[in-house]
Amino acid sequence: MIGQNTLVFSIFATSLSALALNLPVARSPPYPYGQHITAGSDSNKCLEIPNADYANGTPVEIHDCGPASNQFWFIQPGETKVQVAGTNFCLDAGSSPQSGVGLKIWQCYDNLPAQDWYLTADNRIALTNQGQCVDLTNGNSTNGVQVQTWQCTDNNNNQVWIVQ
Ligand SMILES: *[C@@H]1O[C@H](CO)[C@@H](O)[C@H](O)[C@H]1NC(C)=O
């Protein structure tokens, strides 16, 4: 019984310290509140909707990760929409995707190529069958830099995104 109490206490203490430090707490699928999408080059940097401005055309930017809902997304392995949790807005590559085009959110649509992404097993977010990947612009993770699409290339850390 002593051992059990000690275990309960240590779980309690661990939860408290995670809260106090604002660390991400491990959660289980299906992630009802969404997940962070963090940069492969810096796991403290997240994709966000600046000022939680949920409107067609709002740029998607990189920013220090935090607990606010404008950094939480619904995304699944394989073919997927990349939807801002709790909204009807989706990551959108525009009508003529190409290298260097800034990413934005737009009202979610089914069967829209600009919103038809594929989360690969090696942690890229690519437009399905279009050869364009979500890319940290110039590898610059300064808060407020808009992310873009760029031709998918191997061994490019600017195109690695960890969902967590
Ligand atoms: C990164 O982006 C910031 C904000 O746009 C800019 O001020 C800075 O010069 C950029 N850094 C590099 C190395 O391009």
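The values are calculated or read from the model by the stated rules, or taken from the named source; none is laboratory data. Computed from a predicted model, the values in this text were never measured in an experiment. Every residue, glycine as well, gets a Cβ built from its backbone with ideal geometry; the counts of neighbours run over all protein chains shown.
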Among residues of region 106-127, those that are surrounded by 13 or more Cβ atoms within 10 Å (Cβ to Cβ) and either in contact (Cβ under 8 Å) with a residue 40 or more places away in the chain or hydroxyl-bearing (Ser, Thr, Tyr) (or both), counted: 9
Every residue from region 127-156 that is among the small types (Gly, Ala, Ser) and either away from the ligand (no atom under 16 Å from the Cβ) or touching a Gly at 6+ places or on another chain (Cβ under 9 Å) (or both): Gly131
Qualifying residue in region 68-83 (condition: of a type in the set (D, E, K, R) and closer than 19 Å to Gly139 by Cα): no
Meets criteria (within 16 Å of the ligand (Cβ to nearest atom), surrounded by fewer than 20 Cβ atoms within 10 Å (Cβ to Cβ) and not hydrophobic (A, V, I, L, M, F, W, C)) for Gly86: no
Strands (runs of 3 or more DSSP E) wholly inside region 11-87 that include at least 3 residues being more than 12 Å from the chain's Cα centre (by Cα) and at pLDDT 95 or above: 78-80
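Which residue, of Trp106, Trp117, is closer than 18 Å to Pro50 by Cα, touching a strand residue (DSSP E or B) at 6+ places or on another chain (Cβ under 8 Å) and either among the acidic types (Asp, Glu) or more than 16 Å from the ligand (Cβ to nearest atom) (or both)? If you could, list the steps in order and put the result at the bottom.
Values: Trp117 fails: closer than 18 Å to Pro50 by Cα.
Checking each option against the conditions leaves just Trp106.
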Output for region 50-82, where each listed residue is of a type in the set (Asp, Glu) and closer than 16 Å to Gly102 by Cα: Glu61
